[in-house]
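This report concerns only the one structure given below.
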Amino acid sequence: MVEHGDIRVVHCGGSKINFRDPVITHDSRFLLCASGEAVKVFSTSTEECIHELRGHTGLVTGVLLRPSNHLQVYSSSLDGTLRLWDFTDGILIKTCVIGYPIYSFYASDKHENVIFIVASMPKRFQLVAVHLPQSGDQMVEAQELSAVLSGVNPNPAAIAFGRGGEFIASVNDLQLEVYFFKKQKSYRFFLKEDNKKGGWNTFTCVACHPKDDCIATGHEDGKIRLWRNFNHKKEYTYSTLHWHHSTVSSLCFTPEGTNLLSGGVESVLVQWRYNQESERDFLPRLGGAITHITVSPDGSLFCTSHSDNKITIIQSCVKVSAVIQGLVKGDSIRTDLMMDPRSKALVLNGKPGHLQFYSLQRDKLLYNLDIVQQEYIHESGLQQFEVVKAAFDASGSWLATVEERHQKAAELELNLKLWAFDEQTQSFVLNTTISAPHDAQITAMCFCQPTDSQTTLLVSTSKDGHFKAWQLAAPAHTEGPSWLCDFVSAYHGLVPECCSFSADGSLLAVVFQEVVTVWSPSTWELLTTLSQPPGAVSDLCFGRLSCSKYLLGTTASNLLCWNLLTCSLEWTTSMDVRRLVADPLSENMAAFCYQSGSTDLFVFKPSEPRPLFSHKAVCSGKVTQAVFAPREEMLESCEESSQWLNRSQLYFLTQQMDLMTFTTKAEEDRLLASSKQLVIDDSVAMTPFYLLLGKHRQQQQEHQDSDSSLWAERTALPQTSASMKELLQTPAHVLPSTSYLCSMFVQSLLISVSDARSAHAEEEMESEKEEEDSEEEMESSRSKPELAAAAATESDTPALTKAQARELRRVRKLDHSWLAGLLDS
Amino acid sequence: MASFKPTKIQVYPKLGEKVTQDTLYWKNYKAPVQIKEFGAVTSIDFSPVTPHNFAVTAFTRIHIYGPFSQEPVKSFTRFKDTAYCGRFRSDGQLLVAGCEDSVVRLFDVSGKVALRLFKGHTKAVHLTDFTSDRYQILTGSDDYTCRLWDIPNATELTTYTEHTDYIRCGVTSKLNRDLFITGSYDHTVKLFDARVEKSVITMDHGQPVESVLLYPSEGLLVSAGGRHVKVWDLLKGGQPLVSLKNHHKTVTSLALSSNGQRLLSASLDRHVKVYNTTNYKVVHNFDYAASILSLGLAPDDASIVVGMTNSILSIKHRKNQEDSKEIAGQQRRRPSYRVFVKGKNYVPKQDDYLVSKPVKEHLAKYDKQLQRFNVSKALDTALGTYIRFRKPEITVAVIKELDRRGTLKNALAGRDERGLSQLLNFIIGNLVDARFTPVLVTAAEMILDIYQSVIGQSPVVDRQLLRLQDLVKREIEFQKDLLEVLGMLDTMFASSLPRKEVPCSGHFEKERCKF
């Protein structure tokens, strides 16, 4: 067995971005959201990820702007730390160790240097106030913890600050608790479990009006209650708003408190006018169910997170301005993992009724292809159409999809759709819809592989015991070409489980439980049958290139390899292979074997007895989906164990729906290097000031590169340029008068010599007269400082007078770097 | 924010005839002009010379119509009894007609009184024609004889007595003055040569022959009798070429379209069928109100004239090019056209910036209601009279969409007697349509579930439910029968296929063991 030296299993892209509510910065330019173990910073205008704030070692559970500094952001994590970041530059400023896993956290203006966290104390969740220690250290430990409320809900939507931090409202199950900080007193309000009409009153979320004494709560039955007068135990009142038909998952007031936003499973953003609740605005069909709603601090942007791993940015409840879409991971991937041969994108189930095209190289969702083309009804328990099978042909010009809807009472609804790639729109266009292609569920589908062949052939196998071949028919006189059934066959009434074409398309193998039947697609003749009882063959793969004479199959306990020339079994090994994938660019095959709770990987050539590579316990659980993705450029690894990764990369989905891949050490190093070089700065707008400063910075860098010795001389320059930058960036109306500023500015430039000056004060006092005398000389020397500096090198020459020598000394001590800096710019 | 996706209306393949060049050609006729005659129209003959008037023989009269007039330009009424077979001479000057009273009359087209009377037949004369030399007349009669007459001196030249039944049809050769063909109720078609005084070729049609027709080349002969139309090759001595059986009643009349590419046959089953003469496939079909006795086709297919048993003469004129041009001209003259085209013909220049206008989406009414979740209203809209009868696929699509949304039960419930009976009517009408069955069965089951408590309260609904029950019973019977037939066919196919041994790995191993 070959050891897996430097090959590593890594997570690959597509972490959740809808886990916690995102944060929009004060200037509405950036959007921050928790994504796995990092905080991602997106630009709200370009939808690009600008950078990731990495450092946490656990799942990030919250992001919050620092109330006292709007350029800094706090993040909390399950690793028990709070971190303070500068999000514009992506710098970690401070780490505060709490010691408990943090589930959510809150802050408000009124409570400076206090952060409220929800942590799991023994038995129950508690809201704890943490006083952040004031120290300049990078790493501090928080000691001052005081419990505020106990028995709170870890869901971040269940707690909210009211009236800028005067009170805090928390909901849990059927109880609303309001805690007033001033009075140090809390009030509790209870609801009955269910009302008369059978709705559920359980609280799901809470929001407080920013100016008014009003708390809005959302409930499981779709109602929103507005609580008032809640500082009395008995005299509290509430009014009910009802539009949502199921759970309200998020509530949010706009910063001025004029509107209340609510969202839920229906995927409709509802805007209620505060105090005129009968007036509502709707923004329907935003995508998946709404999980979080946030509003930018100036109220111009709304932002909704959706259950399909998507963030939508909305301009004041009218228009969707940007959509940030992550890899959609449903409960199950019914279609296999596939590669789009054209875009080299990973294709799998996305939103309900869609196929998603996900670029692995750029870790970005390219687009969603609407397969079902029906209005999605957001209602739980409703049977929807699902895309269950999909297949690409070798050139990527045809896509076949199968969608089905299975109801208990009615019969199965099944549609086979054929999509043609349209060069003009660069996407797939529906060509043929075949409703009810089979009587029962389709078990497998594959296209005929050869690229040179004129006819494209699709074979589908179904549980009704038949397999059908579909062929592109000649164009009719009115319409273009469409697909027709070419051939139907069965084998002894057995159910076909999977099918596969040989690499050259001359053979078709269809598995009928224990029997592998081999057909000739040109004549539709049954050529031979292969079988190796016991156990039904579950996966089938033809060898490629030099191994094309082999046919591999897997049963529950064995991996079988037949030689098609002799029609006999070549070899067999006993292993429980769950998934067998062939590399389209080489002879290699990868087998994922399930063994005692974890999955092992073997990469082998059918013709060789020893596997090329093996990796024990790749992940826990079963791996049922995997795919080889061809690389954009070939790797040149010479190590034997990693050669199989040279031309293509292996991706697989674990049972927990994580997308994993294998990387080599060399590749990682290269990636790391390239990521350092890459600076994304496209979020900064191109203003005249930017052009000025940008050029300045560029020149600096050029200088830095070209002449490092020169750079060393001008150490004072960054200081000057920083002050300049500050001067230029501060708004004009807040600046003091120009005369005041000018002297300040000049002083700031001269600041480095002030010490020297004071040191030589005595000297100067003594020689005041002489100075007057030599004023003329001074003028001349100042006007040409460079010359003087050049002359200073020969200062030892006896020709100079005493006064001249002193002046020279002075000039030498003066710092002229600011002048140089000005000249440069 | 995605837009509302409208309900998908399943497109079903169009059944029935496809639009071909032939359909377009034969559909390009105006609405028929109908003229009431005095009796059944037995014969129509077009004059070979322009302006191609046609003689219509009906009861005791022969009317001559001009190509455009709806009034006869001329009529011959001097018949003692029913007239038969008025035919023009090849110069269009003379007209001959037989009569029930066995006298054959010859008219000048411009005159009124018969120029000559040919007496000699003893029974009604159903066949008259001029020979191609224009000086002789061929007649055939119910007395089983056919005769040749000399026009100038009105004497009988020859009598042929070979037929053994009524002679009802015949045609003279346009190329040879001595050749003529007669068809008789004795099932034979005979080709006579006046020079040898007896029949040269005899063809057995198999049914009483009603009409014969010669191709312009005169190599092929078409005969019609019973339900058959048969084509004979005269150059091969009367060899049968094709037998067509497309009508379901007796074929009474034949005609060739002017270029000889299409053959028309008219029948008592009220249809006129158009055949392609290269492959003898039916390419078009005309329907008429009554059984057709005679058919005439003007030169260049300018009009189709059909005479029927209910004494109606139907004339269809071809739409000419000028008419269609005129319509186009009218459209161009419309002022609104310029308004609509304004700015549309602007060709963008290179630096032009296109400001796109949001396209307004038009949703059908039921889609708008579905968008607002008004499920019952959407179903009502889809059950509107026009959609229900003309586009049942839309109704079914809406029912399917409601089912997908899980709200079909709500939409079906709460209907009064009228609404329910309308719904049941639709289901009864379309349930057995294979395209709609899966959806409508679900709906029908739901209706039964919802309304089972009120069964027996309304006689209308009860009757419909019984009808539905019958329908389902009948359908089940049909399915059973079909399955039986399928089973029989399977066994037949299985037994007819040769059994082929498939090489299998097991065999190889066995053989290896032997070695």
Using 0.36 nm per residue of separation minus the Cα-Cα distance, give me the extension gain between residue B:71 and residue B:290 in nm, one decimal.
76.6 nm
FRET efficiency estimate (nearest 0.05) - Cβ-Cβ, residue B:349 to residue A:441, R0 56 angstrom:
0.50
Cross-link pairs beyond the 25 Å C-alpha cut-off, checked among A:310/B:5; A:223/A:329; B:18/B:316; A:40/A:94; A:16/A:123:
A:223/A:329; A:16/A:123
Taking beta carbons within 10 Å but only from partner chains, what does the mean come to for residues B:390-398?
0
Would you kindly state how much longer the chain becomes between residue B:10 and residue B:235 on full extension, computed as 0.36 nm times their sequence separation minus their alpha carbon distance, in nm to one decimal?
75.5 nm
Given a Förster distance of 22 angstrom, what is the FRET efficiency for residue A:634 paired with residue A:657, based on the Cβ-Cβ distance and rounded to 0.05?
0.15
How far is the Cα center of the range A:214-242 from the Cα center of the range A:325-369, in Å?
43
Would you mind giving the mean number of other chain beta-carbons within 10 Å of the Cβ of each residue in A:372-383, as a whole number?
4
Total charge of the residues flanking residue A:499 in space, meaning their Cβ is under 14 Å from its Cβ, with Lys and Arg +1 and Asp and Glu -1, is 0
Beyond 31 Å between alpha-carbons counts as too far, so tell me which of B:249/B:473; B:249/B:480; B:273/B:400; A:351/B:400; B:27/B:190; B:36/B:273 fall in that bin.
B:249/B:473; B:249/B:480; B:273/B:400; B:27/B:190
For residue A:377, what is the net charge nearby, where nearby means another residue's Cβ is under 9 Å from its Cβ and Lys, Arg count +1, Asp, Glu -1?
0
Could you name the lysines whose alpha carbon sits less than 23 Å from that of residue A:183, not counting residues in the same chain fewer than 8 places away?
A:110, A:211, A:233, A:234
Qualifying chymotrypsin sites (Phe, Trp or Tyr not before Pro) in the range B:90-138, DSSP loop, other Cβ atoms within 10 Å at most 16
B:135
Contact order relative to length of chain B, as percent, for alpha carbon pairs under 8 angstrom and 6 or more apart:
9
222 nm mean residue ellipticity, helices alone, for chain B (DSSP H n ≥ 4; -39,500 (n - 2.57); rounded to 500):
-8500 deg cm²/dmol
Cross-link list A:468/B:391; A:344/A:364; A:344/B:8: which exceed 21 angstrom alpha carbon to alpha carbon?
A:468/B:391; A:344/B:8
Starting at 0 and stepping by 5 Å, how many percent of the alpha carbon pairs of the range A:507-604 end up in each bin?
3, 13, 24, 25, 20, 10, 4, 1, 0, 0
Cut-off 14 Å between beta-carbons: net charge of the residues surrounding residue B:101, Lys and Arg +1, Asp and Glu -1:
+1
Can you give me the long-range amide H partners of residue B:220? Hydrogens built in the peptide plane at 1.01 Å from N, cutoff under 5 Å, separation of 5 or more residues or another chain.
B:215, B:234
Roughly what would the spin-label model give for residue A:10 and residue B:340, points 7 Å off Cα along C-beta, in nm?
6.2
In order through the range A:114-119: 3J(HN,Hα) via Karplus (6.51 cos²θ - 1.76 cosθ + 1.60), integer Hz, x for Gly, Pro:
10, 10, 9, 10, 9, 10
Förster-model FRET efficiency, 41 Å R0, residue A:70 and residue A:276, C-beta, rounded to 0.05:
0.80
Testing the spin-label approximation: label points 7 Å from Cα along Cα→Cβ at residue B:448 and residue B:492. State their distance in nm.
3.5
Can you list the lysines whose alpha carbon is less than 22 Å from that of residue B:349, not counting same-chain residues fewer than 8 positions off?
B:357
Could you derive backbone 3J(HN,Hα) for the range B:208-215 from the dihedral phi with the Karplus parameters 6.51, -1.76 and 1.60 (θ = phi - 60°), listing whole Hz in sequence and x where the residue is Gly or Pro?
x, 7, 9, 7, 10, 8, 9, 5
Residue A:323-residue A:184 pseudo-label distance in nm [points 7 Å out on the Cα-to-Cβ vector]:
5.3
Count, for each residue of A:411-420, the Cβ atoms from other chains sitting within 10 Å of its Cβ, then give me the mean as a whole number.
1
Using only alpha carbons, build the gyration tensor for the protein assembly as shown and give me the equivalent ellipsoid semi-axes, biggest first, whole Å.
90, 41, 39
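Every number here is computed from the coordinates shown, using simple stated rules; none is lab data. Small disclaimer: the values here were computed from a predicted structure and weren't measured. With ideal geometry, Cβ positions are generated from the backbone for all residues, glycine too; neighbour counts draw on all protein chains shown.
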